[in-house]
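Data first, discussion second: the structure below is written as structure tokens.
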Amino acid sequence: MVSKLKIPMKQINRIRFASYSRVAVVDTQPVAGNNSLPAEVPCHIVIDHHPRRANLKADLVLVSPEIGATATILVEWLEESQLAIPADLATALTYAISSETQDLGREADKRDVQAYLKVFTKSSMRKLAKIFHPSLPRAYFIMVAKALNKAKSFRNLICAHLGEISTPEIVAEMADFLLRHQRIGWSLCTGRFGDDLIISLRASNPKAKAGKFVRQLISRQIKAPLNKVGGHDMTAGGRIPLKDILKDDVVELETRLSQDFAQLKGYKDVEWKPCPVMAGTTSLSKARNTINKWPKWQLPRWARSSKRITNVTSISCKPTRT
Ligand SMILES: [Mn+2]
């Protein structure tokens, strides 16, 4: 979307906040912890659909927890102000509402549908189609293979610990993907990125209270206050800092997460099993050989430097923050 719509973006660490008179955050809140806004930077405008945090203070606060996508609030305010919505902006807003509500099927409100219809007709259909069906980098397919290889299920639960990942979003994407397995009601995915273990939880039941559940799950693992944890009914996520944890202990932490995930769901004698279909169709040694045969330019940037990949389960990569 960023390239198709030529959206000018800047890394947060390259922004000099002092040279701007107003700072706004969207789809998050300054005190929430799921954003990179430095704590000392004053925030003037908050537009969000997560439950309002108790200590939230800003000049303008537009928080509507009942709607499915934050973009809906923006569409409503654009309409209200009678400002024209250019095609590229309409395209971005259409995609935002659609992707966050899984095509208006997940936690979507009437207001989301109305907002969607308004911006959909103003969108560029050609660009929208390209955004919905983008060409994907090789790294994406490696992650899909990894998710399938690592997926384990128990009763109606599925989980996959992806290990080192190249982009943090892949964790949520794979959690969505695994939830589509028949008879599965809950999916849990983790990935190691920088100094964090990124956790994503998905539920198929609209009343699942996934946000509450993920807090419970993570608070069992760490004692520190849960700043970087939150979510909605069907989607939730969080981060566990790995700075002071040894590599072997990270594996242990991942195993414990799976165990607690099932236990908190009320299961005893938990026995995670590789999903039979997935375990039968892909072998790790095959994946390893395939990756080693790829020409270097086809490998994702983070995998290029390593001479030979001997163990797909632990591709050593130092992801760069983007
Ligand atoms: Mn959101």
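The values are calculated or read from the model by the stated rules, or taken from the named source; none is laboratory data. Only a predicted model underlies this, so the values are computations on that prediction, with no experimental measurement involved. Quick reminder, even Gly has a Cβ in these numbers, built from the backbone with ideal geometry, and neighbours come from all protein chains shown.
Observations on the model:
- So residue 123, is it small (Gly, Ala, Ser), in a loop (DSSP other than H, G, I, E, B) and either outside the structural domain of residue 188 (by TED's automatic domain parsing) or under 26 Å from residue 167 (Cβ atoms) (or both): yes
- Taking the criterion of being in contact with a Phe, Trp or Tyr (Cβ under 9 Å, 6 or more places away or on another chain) and either outside any strand (DSSP E or B) or at pLDDT below 85 (or both), the residues of the stretch 256-280 that qualify are 258, 259, 261, 262, 264, 265, 267, 270, 271, 272.
- Any hit, the stretch 151-159, residues being of a type in the set (Val, Ile, Thr) and touching a Phe, Trp or Tyr at 6+ places or on another chain (Cβ under 6 Å): no
- Lone qualifier among 76, 80 - being surrounded by fewer than 18 Cβ atoms within 10 Å (Cβ to Cβ), modelled with pLDDT of 95 or more and closer than 17 Å to residue 100 by Cβ: 76
- Selected residue (only one of 115, 96 is part of a helix (DSSP H, G or I) and within 13 Å of the ligand (Cβ to nearest atom)): 96
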